[in-house]
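One structure below.
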Amino acid sequence: MNPDALRGHLDALLLAVLEREPLHGYAIIEALQERSGGALTVPTGTVYPALRRLERIGHLSSEWATVGGRKRRTYRLTDSGRKQLEGERSAWREFAGVIGGVLRPESPASG
């Protein structure tokens, strides 16, 4: 998938992946890949700054946890993040509907 297609949608994807359960950064990257059927490969250099930014604005909280003997930062969706995700989903449905309407093949004109 074209990485430019993700531009503007990464926050929504990260929030959606964290909706079910708290995850550490690498597990978030794996979940994005898994839930996209392997189509999304997002580099760590993109994901971690986005997670920190989402935490700064209050959509995520984090805490250090030991996972498999390694200390990792685990991210959790906040109430603000859940509300933001609802808004992102609504905006996505509207966007997809509009774009779908334009891209849908036109029926031949009846004559």
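A compact table of results
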{"read-out": "Qualifying position, being without any contact (Cβ under 8 Å) to a residue 12 or more places away in the chain, in a helix (DSSP H, G or I), aliphatic (A, V, I, L, M) and surrounded by 10 or more Cβ atoms within 10 Å (Cβ to Cβ), among ALA16, ALA31, ALA96", "value": "ALA96"}
{"read-out": "Residue under evaluation GLY8, criteria (1) free of Cβ contacts under 8 Å to residues at least 60 places away in the same chain; (2) on the phi < 0 side of the Ramachandran plot, criterion not met", "value": "(2)"}
{"read-out": "Hits in the range 44-84 (condition: part of a loop (DSSP other than H, G, I, E, B) and under 14 Å from LEU13 (Cα atoms))", "value": "HIS59"}
{"read-out": "Cross-chain or 6+ apart pairs with Cβ under 6 Å, the range 45-67 first and closer than 17 Å to ILE29 by Cα and without any contact (Cβ under 8 Å) to a residue 24 or more places away in the chain, then of a type in the set (Asp, Glu) and in a helix (DSSP H, G or I)", "value": "SER62/GLU55"}
{"read-out": "The range 99-108 - residue that is surrounded by fewer than 10 Cβ atoms within 10 Å (Cβ to Cβ) and either assigned to a helix (DSSP H, G or I) or of a type in the set (D, E, K, R) (or both) and, of those, nearest to the chain's Cα centre (by Cα)", "value": "GLY100"}
{"read-out": "Residues within the range 11-56 that are touching an Asp or Glu at 6+ places or on another chain (Cβ under 8 Å) and at positive phi, tallied", "value": "0"}
{"read-out": "Tally, over the range 3-13, of residues that are closer than 22 Å to ARG72 by Cα and outside any helix (DSSP H, G or I)", "value": "0"}
{"read-out": "Number of positions in the range 36-69 that are touching a strand residue (DSSP E or B) at 6+ places or on another chain (Cβ under 6 Å) and of a type in the set (S, T, N, Q)", "value": "2"}
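Values in this text are rule-based calculations from the coordinates and carry no lab data. From a predicted model like this one, the values you see are computed outputs, not experimental measurements. No Cβ is skipped: glycine too gets one built from the backbone with ideal geometry, and neighbour counts run over all protein chains shown.
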